[in-house]
Amino acid sequence: MAITPTPKIWMNGELVAWDEARIHVLTHTLHYGMGVFEGIRAYGTADGPAIFRLTEHIERLHRSAHMLGMEIPFSVDELIDATKATVASTGLDECYIRPIAYFGYGEMGLNTLPCSVDVSIACWPWGAYLGDDAVEKGIRLKTSSWTRHDHNIMPPAAKTTGNYVNSSLAKVEALRAGYDEAVMLAPNGLVAECSGENIFVSRHGMLLTPPLSAGALEGITQNTVMTIARDLGYEARTDNLARSDLYIADEAFVCGTAAEVSAVNSVDDRSIPCPGPMTRAIAATYADAVHGRDDRYRHWCETL
Ligand code: PPE
């Protein structure tokens, strides 16, 4: 999806003009994929723009870096302030926000120990990630021929730039085959997640989503959905899912910051009732939560 420029990007402590936010071609992370990033959304609320669960996203950025042995030279609080300042500088009510921490210019070779760590935060307007009618019409999923990372190959729980080679291979394969998104299996054959979202299925009234141990990212939207689901009176828990669980699901949906809550209408051409009542209710409550319209979740809307 094309990027629409905004006035400023935050780089290592200062806001610079969008066109000046440049890096050298010998930037370490460009070559070796040892970067960590986040995807966050700001939404218009009655109190002005609010960044949904900003603190949790920045904390996860720090956890991802920790898993790579990377020391981010800015604290969680400093990056929260920087993110708010970047969003404020755009004048936008709603936007997608992309913080990234990466090993910078000056060292080459696989040893990251001597490398400097650079951080930037950019934001721009970004619409529906899986199409405007993803809740009503649902998306078509395909089981990927690409296996999700094993924990001993690279940590799937870290949101690292390198992990997304695997995601992009799966996404492009699914699109070329005429599907909307790929669902990826872990090396043990159990369901992990989609190329850019967590997956939920409902079976016998119980909402299930694969845990971190299955190779899923600890999704902040996944956590939001579990809270909303329980508040709506549904039972929800993390559990291992087999491919068969997808084929015979009563309902299925994917969720992520970019994708929000998007219904699934089929997996490998096996149709799934769509949109089911749980998916509809959760998607509607999620929309209210992010826009600050539901008092139960107002504390997640971090105003500038
Ligand atoms: N799994 C993966 C692999 C993933 O990339 C995301 C987010 C999630 C789960 C859901 O995480 P959360 O956003 O905390 O609920 N994917 C981000 C990047 C998408 C992209 O195209 O880039 C996102 O949704 O912002």
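The values are calculated or read from the model by the stated rules, or taken from the named source; none is laboratory data. The structure presented is a predicted model; accordingly, all values stated were derived computationally and were not measured. All Cβ positions, glycine included, derive from the backbone under ideal geometry; neighbour counts span all protein chains shown. SASA here: full protein model, heavy atoms, side chains in, ligands and nucleic acids out. Shrake-Rupley method; radii C 1.70, N 1.55, O 1.52, S 1.80 Å.
Can you tell me which residue within the range 2-56, out of those that are under 14 Å from residue 95 (Cα atoms) and open to solvent by 40 Å² or more (accessible area, probe 1.4 Å), is modelled with the lowest pLDDT?
2
Quick check on the range 77-108: of everything there that is open to solvent by 50 Å² or more (accessible area, probe 1.4 Å) and within 16 Å of the ligand (Cβ to nearest atom), which residue is nearest to residue 25 (Cα to Cα)?
98
Given the criteria assigned by TED's automatic domain parsing to the domain that holds residue 19, part of a loop (DSSP other than H, G, I, E, B) and over 28 Å from residue 4 (Cβ atoms), does residue 111 qualify?
On the way: assigned by TED's automatic domain parsing to the domain that holds residue 19: yes; part of a loop (DSSP other than H, G, I, E, B): yes; over 28 Å from residue 4 (Cβ atoms): yes.
In short, yes.
Quick check: is even one residue across the range 161-171 in the same structural domain as residue 263 (by TED's automatic domain parsing), out of contact with any Phe, Trp or Tyr (no Cβ under 7 Å at 6 or more places or on another chain) and more than 15 Å from the ligand (Cβ to nearest atom)? Spell out how you get there, then give the answer.
Looking only at the range 161-171, we keep the residues that are in the same structural domain as residue 263 (by TED's automatic domain parsing), and these are 161-171.
Checking which are out of contact with any Phe, Trp or Tyr (no Cβ under 7 Å at 6 or more places or on another chain) leaves us with 162-165, 167-168, 171.
Now restrict to residues that are more than 15 Å from the ligand (Cβ to nearest atom): none.
The answer is no; no qualifying residue exists.
Residue-wise test of (1) of a type outside the set (Gly, Ala, Ser); (2) open to solvent by 30 Å² or more (accessible area, probe 1.4 Å); (3) more than 27 Å from residue 145 (Cβ to Cβ).
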residue	(1), (2), (3)
258	no, no, no
270	yes, yes, no
274	yes, yes, no
280	yes, yes, yes
299	yes, yes, yes
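Output the number of the condition that residue 63 fails; it satisfies all remaining conditions of (1) farther than 20 Å from residue 3 by Cα; (2) more than 15 Å from the ligand (Cβ to nearest atom); (3) open to solvent by 40 Å² or more (accessible area, probe 1.4 Å).
The one condition residue 63 does not meet is (2).
Any chance the range 191-198 includes a residue that's closer than 18 Å to residue 218 by Cβ, acidic (Asp, Glu) and within 13 Å of the ligand (Cβ to nearest atom)? Give the derivation first.
The initial filter retains those residues of the range 191-198 that are closer than 18 Å to residue 218 by Cβ, namely 191-198.
Restricting the remaining residues to those that are acidic (Asp, Glu) gives 193, 197.
Among the residues that remain, those that are also within 13 Å of the ligand (Cβ to nearest atom) are: 193, 197.
Checked against the condition, which is being closer than 18 Å to residue 218 by Cβ, acidic (Asp, Glu) and within 13 Å of the ligand (Cβ to nearest atom), the range 191-198 yields at least one hit.
Regarding the range 115-127, can at least one residue be identified that is away from the ligand (no atom under 15 Å from the Cβ), assigned to a loop (DSSP other than H, G, I, E, B) and open to solvent by 10 Å² or more (accessible area, probe 1.4 Å)?
Checked the range 115-127: at least one residue is away from the ligand (no atom under 15 Å from the Cβ), assigned to a loop (DSSP other than H, G, I, E, B) and open to solvent by 10 Å² or more (accessible area, probe 1.4 Å).
Strands (runs of 3 or more DSSP E) wholly in the range 196-304 with at least 1 residues that are within 22 Å of residue 181 (Cα to Cα) and free of Cβ contacts under 8 Å to residues at least 40 places away in the same chain - which ones? Quick ask: steps written out before the conclusion?
Values: elements: 198-203, 206-209, 235-238, 251-256, 260-267, 301-303.
Where strands (runs of 3 or more DSSP E) fall fully within the range 196-304 and carry at least 1 residues being within 22 Å of residue 181 (Cα to Cα) and free of Cβ contacts under 8 Å to residues at least 40 places away in the same chain, they are 206-209, 235-238.
Keeping to the range 193-245, report how many residues are open to solvent by 10 Å² or more (accessible area, probe 1.4 Å), closer than 15 Å to residue 286 by Cα and among the hydrophobic types (A, V, I, L, M, F, W, C).
Residues flagged as open to solvent by 10 Å² or more (accessible area, probe 1.4 Å), closer than 15 Å to residue 286 by Cα and among the hydrophobic types (A, V, I, L, M, F, W, C) within the range 193-245 amount to 3.
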